[in-house]
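Notes follow the structure.
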Amino acid sequence: MKSEELVLRQQMSELCASLFERGFSVGTAGNVSARLHDGILMTPTNSTLGDINPERIAKIDLDGNHVSGDKPTKEVFLHQAFYETRPEAGAVVHLHSTWATALSCLEDINPDDCIPPLTPYVVMRVGTVKLVPYVKPGDPKSGDLIRELSGKYSAVLLANHGPVVSGKDLFSAVCAAEELEETAKLLVALRGMPTRTLDAEQVAELKETFGRI
Ligand SMILES: O=C(O)[C@@H](O)C(=O)COP(=O)(O)O
Ligand SMILES: [Zn+2]
């Protein structure tokens with residue numbers, strides 16, 4: 001096995017454990033993937049992010065065949081669709097983190113902008129977040145729904161399910177998933193209070209300074 005893959009397997013195990021230990025994932029909820037030059041590493045289905053054995057992480061090849069490790073997450077289609085539509089994406093993180101999942105269940109959420117620009121950092125790290133209609137976990141239709149977005153969003157909320165966040169690499173995707181969760185918490189805390197968001201000019205300035213998410 002090439003050292004690129006060994007390093008990524010170890011990093012995935014450590015970052016998943018960190019997410020679990022800090023309560024971003026409980027039980028066997030959530031899944032994480034990272035792109036290699038010859039395929040994609042994915043956390044195994046029904047595994048706890050708190051205890052991912054680097055050697056048992058699933059690998060699929062560029063054609064989507066399972067080539068090593070345990071059986072991949074049932075959300076393989078969801079992850080693949082992010083990589084297909086976002087060539088810059090090096091990793092994808094799906095969580096059931098409490099506050100983002102709470103937002104995903106609200107009836108009056110704006111489906112085109114689930115996480116308004118409350119702070120600069122959420123604009124810089126997450127960008128605009130789209131609501132993706134509900135399908136059952138593991139449904140291949142989740143891949144179709146992501147492909148329909150044509151790579152426009154680095155992060156989405158799966159309705160009544162939870163967030164999915166991509167990043168240029170694994171560390172960035174994990175940080176963005178954490179930022180989304182913390183902003184979702186702020187949004188719920190501020191519900192019902194008159195709230196000032198960043199205006200269009202301020203958001204444009206951030207995008208110009210820090211680039212496309
Ligand atoms: O919600 C689900 O069932 C999945 O989206 C999930 O989070 C865990 O599934 P596996 O990765 O297949 O364990
Ligand atoms: Zn899930």
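Read-outs: derived from the displayed coordinates by stated rules, not from any lab. Nothing here was measured: the structure is a model prediction, and the numbers come from that model. As a convention, Cβ positions derive from the backbone with ideal geometry for all residues, glycine included, and neighbour counts pool all protein chains shown.
Couple of notes before you dig in:
- Alpha-carbon radius of gyration plus Dmax, which is the widest Cα pair, for the chain in Å: 16.6, 55
- Lysines whose Cα lies under 25 Å from that of Lys141, excluding same-chain neighbours fewer than 8 positions away: Lys59, Lys71, Lys74, Lys130, Lys152, Lys168
- Charge dipole (debye, nearest 20) of the chain; +1 at Cβ of Lys and Arg, -1 at Cβ of Asp and Glu: 200 debye
- Given the chain, longest segment not containing exposed loop GluC sites (Glu not before Pro) (DSSP; at most 15 other Cβ within 10 Å): 1-87
- Percent of Cα pairs exceeding the 19 Å cut-off, where the set is segment 145-196: 39 percent
- Membrane-span-like helices in the chain, defined purely by DSSP H runs whose alpha carbon atoms cover 20 Å or more axially and whose average Kyte-Doolittle hydropathy reaches -1.0, are 3-21, 170-190.
- Whole-number percent relative contact order across the chain, with pairs defined as alpha carbons under 8 Å at least 6 apart: 21 percent
- Every Cα-Cα pair of segment 1-120 was included, and the share exceeding 19 Å stands at 50 percent.
- Most positive-pole-ward Cα, Leu19, Leu36, Ser47, against dipole of segment 8-63 from beta carbon charges: Leu19
- Candidates Leu131, Leu190, Leu149: whichever shows maximal mean-square fluctuation once the chain is modelled as a Gaussian network with Cα springs under 10 Å: Leu190
- Short-range pairs are left out: with C-alpha atoms under 8 Å and at least six residues apart, the relative contact order of segment 1-73 is 28 percent.
- For Leu36, nonlocal amide neighbours, meaning residues 5 or more places apart or on other chains whose placed amide H falls under 5 Å from its own, are Leu41.
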